[in-house]
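Asker: To start, I am sharing the structure in question, which I have written as structure tokens.
The values are calculated or read from the model by the stated rules, or taken from the named source; none is laboratory data. If you're wondering where the values come from, they're calculated on a predicted model, not measured in any experiment. Glycine gets a Cβ as well: all are built from the backbone with ideal geometry, and neighbour counts include every protein chain shown.
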Amino acid sequence: MHSPGRLSGKITQVYRSRSLRRLRADPASRVGLGIIVLLIVTTTVVIIDKQFLRRALITRLWGDPYMADLRSSLESPSLAHPFGTDHLGRDTLARVIYGTQTSVLVGLASVAISLPLGTVFGMLSAYLGGTFDEIVMRIMDVFLTPPANILALGLVGILGRGLENIILGIGIVYTPIFARLMRGSALKIKRMEFVEAATAIGESQLNIIFRELLPNCLTPLVIQATFSIALAIMWEAGMSFLGLGVMPPASSWGLMLHEGQQYLREAWWLSIFPGVAIMLTTLGFNLVGNGLRDALDPKYQAVQP
């Protein structure tokens, strides 16, 4: 027997195909996608260079991102050092490139933790309802009460410095956001006829959750995930700037801003280039998020050709 949601699933596939075409046709979304692709390629190169080549590739091109050379400290941008050098003589461009790995890892990993957890809690709360829904949502409300950035700072302060703790802290902060979003979407889909029909013919609860509810609730989660990645990157930079981030000599854009603030007048490049990197990275994810929101919004599509 065919699932009552099969026709709905086919309609959803056509809807998403049209949405992807609109996303690719949007110039701003293409710019955002280009930035994200560049970030992923850069991160891949950094991982290969760090894990397998012992930093030989980046060092040969520009300089060692970790090794100090006091004879070359605070050199202004030149052909040898396009982004100049820092107070320890390390090449700023090499450190900006290596900092890409930290930012991308924090953004993707924190969302990879919070998205599944929030999806599970939100879906079960909407589907089971009753006491379980009340308990889970009140717990989520506790985490949503303080400002998210303050809560993330507090969690990282408790857990201690380090990349893993930053990822865990941001992931915990994001979980209630995804849970609330998933619950709201699931409650709306749960009342639709194809879900009621699936229940009436005796489909198992797992089939109803994973075949009927979940596929039709993914759109707002995907949109929120893109914005959350951008925000996580900014939070990591802020924590590193405050001294709660990665440990030196590891490279992080926020840590570079922290180190460059005392040399802002005589060595402007120490703050400008990592700041631009943070701006472009968050811009890329926000442009894609805006494009997804516009492409997947039924009201927007209703007035488009």
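Asker: Against the definition (at pLDDT below 95, within 26 Å of the chain's Cα centre (by Cα) and either on the phi > 0 side of the Ramachandran plot or surrounded by 12 or more Cβ atoms within 10 Å (Cβ to Cβ) (or both)), how does Ala28 come out, yes or no?
Answerer: yes
Let's see how each residue does on (1) closer than 30 Å to Met67 by Cβ; (2) surrounded by 20 or more Cβ atoms within 10 Å (Cβ to Cβ):
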residue: His81; (1), (2): yes, yes
residue: His87; (1), (2): yes, no
residue: Ile97; (1), (2): yes, yes
residue: Gln101; (1), (2): yes, yes
residue: Leu108; (1), (2): yes, no
residue: Val111; (1), (2): no, yes
residue: Gly122; (1), (2): no, yes
residue: Ala126; (1), (2): no, yes
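Asker: When the residues of the range 164-204 are filtered to those that are surrounded by fewer than 17 Cβ atoms within 10 Å (Cβ to Cβ) and of a type in the set (Ser, Thr, Tyr), which remaining residue is modelled with the highest pLDDT?
Answerer: Only one residue fits best here, namely Ser204.
Here is a yes/no grid of residues against (1) touching a helix residue (DSSP H, G or I) at 6+ places or on another chain (Cβ under 7 Å); (2) more than 19 Å from Leu218 (Cβ to Cβ); (3) modelled with pLDDT under 90:
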residue	(1), (2), (3)
Thr92	yes, yes, no
Ile97	yes, yes, no
Thr100	yes, yes, no
Ala112	no, no, no
Pro116	no, no, no
Leu128	no, yes, yes
Asp133	yes, yes, no
Arg138	no, yes, no
Asp141	no, yes, no
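Asker: What tally of residues in the range 130-171 results from selecting those that are of a type in the set (A, V, I, L, M, F, W, C), closer than 21 Å to Met247 by Cβ and in contact (Cβ under 8 Å) with a residue 24 or more places away in the chain?
Answerer: So the answer is 8.
Asker: I'd like to verify a number: residues in the range 83-111 that are part of a helix (DSSP H, G or I), farther than 21 Å from Ala152 by Cα and among the hydrophobic types (A, V, I, L, M, F, W, C), how many?
Answerer: So the answer is 4.
Asker: Something else now. Within the bounds of the range 9-23, is there any residue that is surrounded by 15 or more Cβ atoms within 10 Å (Cβ to Cβ) and either modelled with pLDDT of 90 or more or under 21 Å from the mean Cα position of the chain (by Cα) (or both)?
Answerer: Yes, because at least one residue in the range 9-23 is surrounded by 15 or more Cβ atoms within 10 Å (Cβ to Cβ) and either modelled with pLDDT of 90 or more or under 21 Å from the mean Cα position of the chain (by Cα) (or both).
Asker: Further question: Please go through the range 120-152 and give me each residue that is of a type in the set (Phe, Trp, Tyr), under 21 Å from Arg211 (Cα atoms) and over 26 Å from the mean Cα position of the chain (by Cα), ordered by number.
Answerer: Of everything in the range 120-152, just one residue is of a type in the set (Phe, Trp, Tyr), under 21 Å from Arg211 (Cα atoms) and over 26 Å from the mean Cα position of the chain (by Cα), namely Tyr127.
Asker: Consider only pairs whose beta carbons are under 6 Å apart and that are at least six residues apart or on different chains; among these, list those whose first residue lies in the range 269-294 and is over 18 Å from Gln101 (Cβ atoms) and whose second residue is among the acidic types (Asp, Glu) and surrounded by 21 or more Cβ atoms within 10 Å (Cβ to Cβ).
Answerer: Short answer, once both residue conditions are applied: Leu270/Asp86.
Asker: Could you list, in sequence order, all residues of the range 52-93 that are without any contact (Cβ under 8 Å) to a residue 40 or more places away in the chain, of a type in the set (A, V, I, L, M, F, W, C) and within 19 Å of Ile272 (Cα to Cα)?
Answerer: Once the filter is applied, which keeps residues that are without any contact (Cβ under 8 Å) to a residue 40 or more places away in the chain, of a type in the set (A, V, I, L, M, F, W, C) and within 19 Å of Ile272 (Cα to Cα), the range 52-93 yields Trp62, Leu79, Ala80, Leu88.
Asker: Report every pair of residues separated by at least 6 positions or lying on different chains whose Cβ atoms are under 7 Å apart, first residue within the range 224-239 and touching a residue at least 40 places away in the same chain (Cβ under 8 Å) and more than 9 Å from Phe285 (Cβ to Cβ), second surrounded by fewer than 24 Cβ atoms within 10 Å (Cβ to Cβ) and among the polar types (S, T, N, Q).
Answerer: Met234/Thr282; Trp235/Asn149
Asker: Does the range 185-210 hold any residues that are of a type in the set (Gly, Ala, Ser) and under 16 Å from Ala126 (Cβ atoms), and which are they?
Answerer: Hits for the range 185-210 are Ser185, Ala186, Ala198.
Asker: How many residues, within the range 33-82, are basic (Lys, Arg) and not in a helix (DSSP H, G or I)?
Answerer: Number satisfying all stated conditions: 2.
Asker: Taking the criterion of being modelled with pLDDT of 95 or more and touching a strand residue (DSSP E or B) at 6+ places or on another chain (Cβ under 8 Å), would at least one residue in the range 34-50 satisfy it?
Answerer: no
Asker: For Glu212, are the conditions met, namely being touching a Ser or Thr at 6+ places or on another chain (Cβ under 9 Å) and outside any helix (DSSP H, G or I)?
Answerer: no
Asker: Residues being within 30 Å of Leu181 (Cβ to Cβ), assigned to a helix (DSSP H, G or I) and of a type in the set (Ser, Thr, Tyr): count how many of those fall in the range 221-274.
Answerer: 3
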